[in-house]
Amino acid sequence: MIPDMSPFLFFQRMRTLACAAVCVGELILLAGPAWAVTLTLWTNNIVMPSGRTFQMPITASDPDGKPLHYAASVSNKKLVAAFAPSSNRSLLINVSGVDSNSNPFTGDLVLQLCEDLAPTTTARIVTLVNSNFYNGLLFQRVVSNFVAVCGGSTNDPNYESGVTIDDEYVASLIYDGFGQLGMVNRASSTGGGTHDSNDSQFFITDVNLSVGSANTNTLSPEFLNFEQPIFGQLTSGFDVLARIMSTPVGPNPNDSSEMSAPLSNVVMNSVTIITNSQDAVLRLTAAVKLLGNVTVTVSATDAENQVATQTLQVSVVTDTNTSPPFLGPIPNSIVVTQNVAATFMLTSTDISGLAVQYGVEDIDTFAFPTNMYITLNSKTKLLSFSPDLTLTGVVDMIVGVTDPIHSYDTQHFTLTFVPWRSTPTMTIVPLKGSMVDSAKPLGDRISVSGTFSFNNGSDGTFTGDDVLELTLGDPASPLAIQIPANTLETKLSKGTYTAKARGVISGFSSNVTVSAQISIPKGTFQISVSDFDFPVALTNQMLEVAIALGNDYGSNVETWVESKPGTFVPPAP
């Protein structure tokens, strides 16, 4: 018998019962026990390197399928916990195969894509998935304690989509975990591979890998860092991946020394893109000086405020792996006018802190370019390609970064130098000065000043990327001097271009001292050159003063007056 009590107290008492009563008309129905949100960790103990980020998969579910809210707390604030954006979509791969016990299986792999960190790579994969490219394709290579590779044709493991994309590296995405999703390309940590060759094939690392594994066979493959780009993390289906990894294998048809070809087909029945509001990826970032154990408590809360929690023990150890450096983004192509420097900011990342060096190569000659002057500003990281005066057309280039241990990470780009206008855009008039052809070695000198004006076709401006070319002396064999743009020797201020240089190699002379100033506001120029020998003696009096500054160029050739032996001055106006 129920004692007398207020309706409110009766309701409160009933909420404490194991079964809730629901009134329908005159009947009282007993509802079954409420379902609860679940949260699962594939492992409750991980090892990660200090100064690095670990992608920790979180598997969870809400009985109503509603989105879950995640939170994490840490016992040491030197370990930062943050969840990957819930907007990141996932790959859902339905797989069938035969496991190590010869038992057939079918199950799902759910892999969250790193759309926030690797947008180009994930966008390409999404395009392939939405075109049904992967449906029916095989896992053609399975290496226990390493990776399962898929995405090639059923009949040809080397078949791909035919569209390649560049490497997309992020410092926080390294191979220190398990169930990580990476791109297959032809790069190699030992050198000789080809970067920026990612196509359709990808792989998933084994479920039993760890940085701190006592078994060297189950160490996380950190040697793949910044060689094979990471673009996702397995969050559900670890048992399915384990069965894939256990499938019986035979000799690889492309490498008979490796036992990796499944003896029974492991097939991707279907691959789709889904919005996964249940699972999550917890990104744990350890401070550089953090070592030791940290406790992380993870919670998942559903729309009814039901909470599930799990505790993760994190051991932070010294990073003994040395990862290669990688380049930041660069332009695919740059188009400039003849005699204008092509420039872009060159950045690189080296998480191991080794000294890096950069390299540039002309793809057509497989050598350092000889038709341009290349500078890298150590402070601003501005890379500048100052072309020779006559260089036009397309130049295919690669730029790379390396350290003392690894091979280059490279990127390809093209430089296009569009020809000048066919007619000069500057009129030059030398007014005073002299050209001295001295009998002393390196005793020749030039000092000339005058006026200039812009002609049709000029925009009447100079830029910091303009290369200065001076052509002085005998028109048939003049002294040719080039001062590259974007160096300590050049400066553009309020329309006045100033250049000073020493040690310029020009014509047949070296150790030349040059000073030049060209002012748009005043319409004047001043040129001074010393410490050189003219390529040929000034035996005639027809002399040239030519200035090319970026898009603008002009020349004056006329008979100078020999004021005394070996000294020539401009004719009187």
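Read-outs: derived from the displayed coordinates by stated rules, not from any lab. Fair warning: this is a prediction, and the values are worked out from it, not measured in the lab. Cβ coordinates were reconstructed from backbone atoms using ideal geometry, including for glycine residues, and neighbour counts include every protein chain displayed.
In the frame of its principal axes, segment 88-276 has Cα extents of 39, 38, 30 Å, reported largest first. The residues neighbouring Ser246, those whose beta-carbon lies less than 13 Å from its own, together hold a net charge of -2 under the Lys/Arg +1, Asp/Glu -1 convention. The computed volume of the Cα convex hull per residue in Å³ for the structure shown corresponds, within (i) 161; (ii) 252; (iii) 148, to (ii).
Of the chymotrypsin sites (Phe, Trp or Tyr not before Pro) found in segment 486-573, those that fall in a DSSP loop while having at most 15 other beta-carbon atoms within 10 Å are Phe508.
If you take the Cα centroid of segment 293-331 and the Cα centroid of segment 358-372, the two points sit 42 Å apart.
Between Ser236 and Val110, the built amide H atoms are under 5 Å apart, and every one of these is 5 or more places off in sequence or on another chain.
How much net charge surrounds Glu562 when only the other residues with a Cβ under 14 Å from the Cβ of Glu562 are counted, with Lys and Arg +1 and Asp and Glu -1? Taking every Cβ under 14 Å from that of Glu562, the sum is -2. May I ask you to list the residues of segment 396-410 whose amide nitrogen lies under 20 Å from a point 7 Å from Cα along the Cα→beta-carbon direction of Ser378? Counting only backbone N, you get 400-404. Cα centroid separation, segment 486-502 to segment 206-249: 55 Å. Among the lysines of segment 426-569, pairs that are 8 or more positions apart or on different chains and have alpha carbons within less than 28 Å of each other number 12. With axes computed from alpha carbons, what is the tilt in degrees of helix 119-130 against the longest principal axis of the chain, rounded to the nearest 10 within 0 to 90? Taking the Cα atoms of the chain, the angle to 119-130 is about 60 degrees.
For the chain, adding -39500 (n - 2.57) for each run of n ≥ 4 DSSP H residues and dividing by the number of residues yields -1500 deg cm²/dmol at 222 nm. With the simple model of a label 7 Å out from the Cα in the direction of the Cβ, Thr370 to Thr423 spans 3.7 nm.
Computed over Cα pairs, the Kirkwood radius of segment 337-481 leads via Stokes-Einstein (1.567 mPa s, 4 °C) to a diffusion coefficient of 70 µm² per second.
Just tell me which lysines come within less than 24 Å, Cα to Cα, of Lys78; anything on the same chain fewer than 8 places away is out. Lys78 reaches Lys289. Summing charges over neighbours of Gly457, with a neighbour being any other residue whose Cβ is under 12 Å away from its Cβ, gives -1 when K and R count +1 and D and E count -1.
Sorting the Cα pairs of segment 326-418 by distance into bins of 5 Å, from 0 upward, gives 3, 13, 25, 26, 18, 9, 4, 2, 0 percent per bin.
Take the alpha-carbon centre of segment 435-482, take the same for segment 52-109, and report the distance between them in whole Å. Using only Cα atoms to place each centre, the spacing works out to 67 Å. Excluding same-chain neighbours fewer than eight residues apart, the aspartates and glutamates reachable from Lys66 by a Cα-Cα span under 18 Å are Asp279, Asp302, Glu304. The length gained on full extension between Ile273 and Ser256, counted as 0.36 nm times the residue separation minus their Cα-Cα distance, comes to 2.6 nm.
Counting 0.36 nm for each residue step from Thr347 to Thr297 and taking away their Cα separation leaves a gain of 14.3 nm.
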